[in-house]
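The values are calculated or read from the model by the stated rules, or taken from the named source; none is laboratory data. Owing to the predicted nature of the structure, the values given are computational and were not obtained by experimental measurement. Heads up, the Cβs are rebuilt from the backbone with ideal geometry, glycines too, and the neighbour counts pull from every protein chain shown. Heads up: the accessible areas ignore ligands, DNA and RNA and are worked out on the full protein's heavy atoms, side chains in. Shrake-Rupley method; radii C 1.70, N 1.55, O 1.52, S 1.80 Å.
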Amino acid sequence: LLMFAPLIVYYFIMSCDQYQCSLIDPLIDLLTGNKHLSDIWNKTPMLTYRAAGIYTLWVAFQVGLYVFIPDFCHKFLPGYVGGIQEGAVTPAGVVNKYEINGLQAWIITHVLWFANAYYFHCFSPTIIFDNWIPLLWCANILGYAVSTFAMIKGYFFPTNAEDCKFTGNFFYDYMMGIEFNPRIGKWFDFKLFFNGRPGIVAWTLINLSYAAKQQELYGQVTNSMILVNVLQGIYVLDFFWNEAWYLKTIDICHDHFGWYLGWGDCVWLPYLYTLQGLYLVYHPVQLGTANAVGILLLGLIGYYIFRMTNHQKDLFRRTNGNCKIWGKKPEYIECSYMSGDGTKYHSKLMTSGFWGWARHFNYTGDLMGSLAYCLTCGFDHILPYFYIVYMTILLTHRCIRDEHRCFSKYGKDWKRYTAAVSYRLVPGIF
């Protein structure tokens, strides 16, 4: 993965730049001898001072928004949870505090983006697309630099030595991370920053830059590009609206910080999660009304399932089961588990609502939304469908990881739960 994943990203971006997003034509050229690897590489834009300056300013700006501007959104947005929040208990028994201000950072960034686009004109809205490959090299440099720094820090000056994990395998430790919550100072948490900023804030800006490029090239923005911007924009806004809830997810609660998160959030996320918009720059698709409405409904229903499933679980946990799911008291299975120090704890696993349909039905909604993004691009090329293939693999693997952890934690009680809710993702199928 350390070697192959960066090549995958390069191959996808290069295929759009040189082969109109065809994944097959580069291979045909190489196999038939029409081109050599050096020919493709020599046509690839290299790192430029302009791209380095843009990327440095971008990351520095997001660091500034994260560290120096306390959240004010929670003071006037009803229902939004921001400001200082506590994370889950770490294996060493530490409860970290976080400054939740991602929504604020997203709003400030996008207000400035639109202010520039319509009033100040300091740079073109197509600036991201126009420097896309040179920015790729910048993102890789940061991804590998922060991953390397995190490993060195874990060895020599960890934030909490008791929350470090050494396997003895250098490559595994580098990839999956040593420190659980590497930090600099009181508030700069590597995991929260790189998971949420700069990659996810940039996601919607990247799509806006693609739309601007489509307008520049063809004189219009297609309805498929609008759908991509709207559906993925909803997903991004949902992430930041629920950033405090994100502190309880697998990424924060279980994963250590290494290359998997560091490089992944700097390169993999912004470059491969935005392939639909990139594809539509090269192949603009104007969908029929029925197709556009169908895709929009699929995306919105998927989002509804994703959000409501997570809401049901959160409500159940916050009230300890003293709530109503779909108008009635939820059903659940009583479980117990032993902590590392031998203390016995009790827990409840809900079997009502969407959680009675499948054990990870929130992932099912996520996959429906992912498919909607891809369908906006039509069926001429396979490249934009990489996202749904990747998300299916990722979320299925995450299901297995999570259930392995739960079985280790709950034992026979977990077997009772899986007997009550027999499907993982798709009721009646899987």
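Want the number for PHE149 to SER38: 0.36 nm per residue separation, take away the alpha-carbon distance, what's left?
Taking PHE149 through SER38 to full extension adds about 36.8 nm, to one decimal.
Which value in nm describes the separation of the simple spin-label points at LYS412 and TYR337, placed 7 Å from the Cα toward the beta carbon?
1.8 nm
Considering only the other residues whose Cβ falls under 12 Å of the Cβ of SER347, what net charge follows from Lys and Arg at +1 and Asp and Glu at -1?
Counting the neighbours of SER347, the net charge comes to +2.
Can you tell me the order of 270-279, 355-364, 289-298 when each peptide is scored by its average per-residue count of other Cβ atoms within 10 angstrom, highest first?
270-279, 355-364, 289-298
At 222 nm, what helix-only mean residue ellipticity would the chain give, in deg cm²/dmol to the nearest 500, using -39500 (n - 2.57) for each DSSP H run of four or more?
Taking each H run of at least 4 residues, the total per residue is -18500 deg cm²/dmol.
State, to one decimal in nm, how far the label point of ALA290 lies from the label point of HIS311, with both points 7 Å from Cα in the Cβ direction.
Each label point lies 7 Å from its Cα, and together they span 3.2 nm.
Eight or more residues apart or on different chains, and alpha-carbon atoms under 29 Å: count the Lys pairs in segment 45-286 matching that.
18
Once Cα extents along the principal axes in Å is worked out from the coordinates, which option in (1) 61, 51, 44; (2) 64, 56, 52; (3) 90, 57, 42 does it equal?
The listed entry that was calculated here is (2).
May I ask you to order 203-211, 15-23, 369-377 by the average number of other C-beta atoms within 10 Å around their residues, highest value first?
Per-residue mean Cβ counts within 10 Å order the peptides as 369-377, 203-211, 15-23.
Going Cα to Cα from LYS35, which lysines come in below 22 Å? Please leave out same-chain ones fewer than 8 positions away.
LYS43
Quick test of your reading: applying the under-4.7 Å Cβ rule, which cysteines of the chain are isolated?
CYS73, CYS122, CYS138, CYS164, CYS253, CYS266, CYS323, CYS335, CYS374, CYS377, CYS399, CYS406
At 7 Å along the Cα-to-beta-carbon direction for both SER422 and LEU27, put a label point, then send me their distance in nm to one decimal.
For the pair SER422/LEU27, the computed spacing is 3.9 nm.
Nearest 10 degrees, 0 to 90: what angle lies between the long axis of helix 289-319 and the longest principal axis of the chain (Cα atoms)?
Once rounded, one gets 30 degrees.
What ranking, highest mean first, results for peptides 144-153, 89-98 when packing means the other Cβ atoms within 10 Å averaged over each residue?
Packing proxy ranking, top to bottom: 144-153, 89-98.
May I ask you to list the lysines whose Cα is less than 17 Å away from that of LYS415, ignoring any residue fewer than eight positions away on the same chain?
Once the sequence-local lysines are set aside, what remains near LYS415 is LYS348.
What whole-number value in Å² describes the accessible area per residue of segment 14-136 for a 1.4 Å probe?
55 Å²
First compute the accessible area of the chain with a 1.4 Å probe, then give the percent of it belonging to carbon and sulfur atoms.
Using a 1.4 Å probe with all protein chains present, the chain comes out at 66 percent carbon and sulfur.
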